[in-house]
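Engineer: First, the structure itself, so that you have it in front of you.
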Amino acid sequence: MAAFNQAGVIAAESLKEAFQVGALLASEGHPRGNRAIIITNAGGFSVLASDYAQRYGIDVVELPEELLGELNSFLTPEWGHGNPMDLVGDAGADRYARVFDVMIRNQDIWDIAFVVAAPSAVLESRHLAQEIVRFSNYTHKMIVGCLLGSDSMRGGVHVLRGASIPNFSELQEAFRIVGMHWVCKKIYGGDL
């Protein structure tokens with residue numbers, strides 16, 4: 001481990017983790033910092049995401065009042081009113097897309113976006129993934145997908161892979177791998 005640290009190697013603890021780190025390094029956009037936004041359709045996952053972010057050294061940014069006002073103008077009254085942005089369970093890809101548009105215009109306040117989605121009757125995974133790709137194309141930031149729900153999200157995961165956007169099937173893995181990347185970037189500087 002000392003030799004790895006000296007050489008700037010990100011040490012993975014399993015083959016699966018090695019492939020996850022590789023996918024993240026091959027993705028577009030590497031964070032200049034650890035300021036994160038989290039956009040989800042599930043309140044429980046927003047709580048877990050906050051916990052994992054803290055555990056793995058990722059800063060969940062506070063959203064400015066003006067930005068909250070803009071989100072309040074089109075999101076349902078039940079949304080989370082903060083970061084993580086819980087868009088509630090009836091959020092389809094179009095609601096995510098409108099939030100992405102706001103975040104594109106405000107990308108100076110964040111470095112990493114975690115897009116978390118649980119399966120629902122109104123969420124079509126391919127459409128959401130296409131919107132995530134569009135979101136990525138309009139930023140120079142790290143976009144991380146967390147399309148949870150295995151088979152029901154398979155089409156969306158395929159779209160993300162085709163666009164070199166990493167997707168994690170488990171929420172904790174996403175935050176652990178991004179946290180590892182950030183720590184190595186901070187220690188060794190420059191692009192990894």
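Engineer: Name every residue in region 21-45 that is modelled with pLDDT of 95 or more, touching a Ser or Thr at 6+ places or on another chain (Cβ under 7 Å) and either part of a loop (DSSP other than H, G, I, E, B) or not hydroxyl-bearing (Ser, Thr, Tyr) (or both), in order of residue number.
Structural biologist: Ile38, Asn41
Engineer: Still on this model: Could you look through region 133-160, keep only residues that are among the basic types (Lys, Arg) and closer than 29 Å to Asp108 by Cβ, and pick out the one that is farthest from the chain's Cα centre (by Cα)?
Structural biologist: Restricting to residues being among the basic types (Lys, Arg) and closer than 29 Å to Asp108 by Cβ, the top hit is Arg134.
Engineer: Go through region 90-120 and give me each residue that's part of a helix (DSSP H, G or I), touching a residue at least 40 places away in the same chain (Cβ under 8 Å), closer than 12 Å to Phe135 by Cβ and of a type in the set (Val, Ile, Thr).
Structural biologist: If the condition is that a residue be part of a helix (DSSP H, G or I), touching a residue at least 40 places away in the same chain (Cβ under 8 Å), closer than 12 Å to Phe135 by Cβ and of a type in the set (Val, Ile, Thr), then Val99 is the only one that fits.
Engineer: In addition: Need the failing condition index for Leu123 against (1) surrounded by 15 or more Cβ atoms within 10 Å (Cβ to Cβ); (2) within 17 Å of the chain's Cα centre (by Cα); (3) part of a loop (DSSP other than H, G, I, E, B), just the number.
Structural biologist: The single condition Leu123 does not satisfy is (2).
Engineer: Among Val178, Val116, which is modelled with pLDDT under 95, under 23 Å from Asp59 (Cα atoms), of a type in the set (Val, Ile, Thr) and buried (at least 17 other Cβ atoms within 10 Å of the Cβ)?
Structural biologist: Going through Val178, Val116 in turn, the sole match is Val178.
Engineer: In region 146-170, what residues are part of a loop (DSSP other than H, G, I, E, B), of a type in the set (S, T, N, Q) and either closer than 21 Å to Tyr52 by Cα or modelled with pLDDT of 90 or more (or both)?
Structural biologist: Ser169
Engineer: Take the residues in region 46-88 that are assigned to a loop (DSSP other than H, G, I, E, B), among the β-branched types (Val, Ile, Thr) and crowded, with 16+ Cβ neighbours inside 10 Å; name whichever of them is nearest to the chain's Cα centre (by Cα).
Structural biologist: Among residues in region 46-88 that are assigned to a loop (DSSP other than H, G, I, E, B), among the β-branched types (Val, Ile, Thr) and crowded, with 16+ Cβ neighbours inside 10 Å, the one nearest to the chain's Cα centre (by Cα) is Ile58.
Engineer: Please enumerate the residues belonging to region 122-154 that are in contact with a helix residue (DSSP H, G or I) (Cβ under 9 Å, 6 or more places away or on another chain) and among the acidic types (Asp, Glu).
Structural biologist: Glu124, Glu131
Engineer: To continue, here is another question. Could you tell me which numbered condition Asp94 fails, if it satisfies all but one of (1) closer than 21 Å to His158 by Cα; (2) in contact with an Asp or Glu (Cβ under 7 Å, 6 or more places away or on another chain); (3) surrounded by fewer than 18 Cβ atoms within 10 Å (Cβ to Cβ)?
Structural biologist: So the condition that Asp94 fails would be (2).
The values are calculated or read from the model by the stated rules, or taken from the named source; none is laboratory data. Values in this document were obtained by computation on a predicted structure and should not be read as measured data. All Cβ positions, glycine included, derive from the backbone under ideal geometry; neighbour counts span all protein chains shown.
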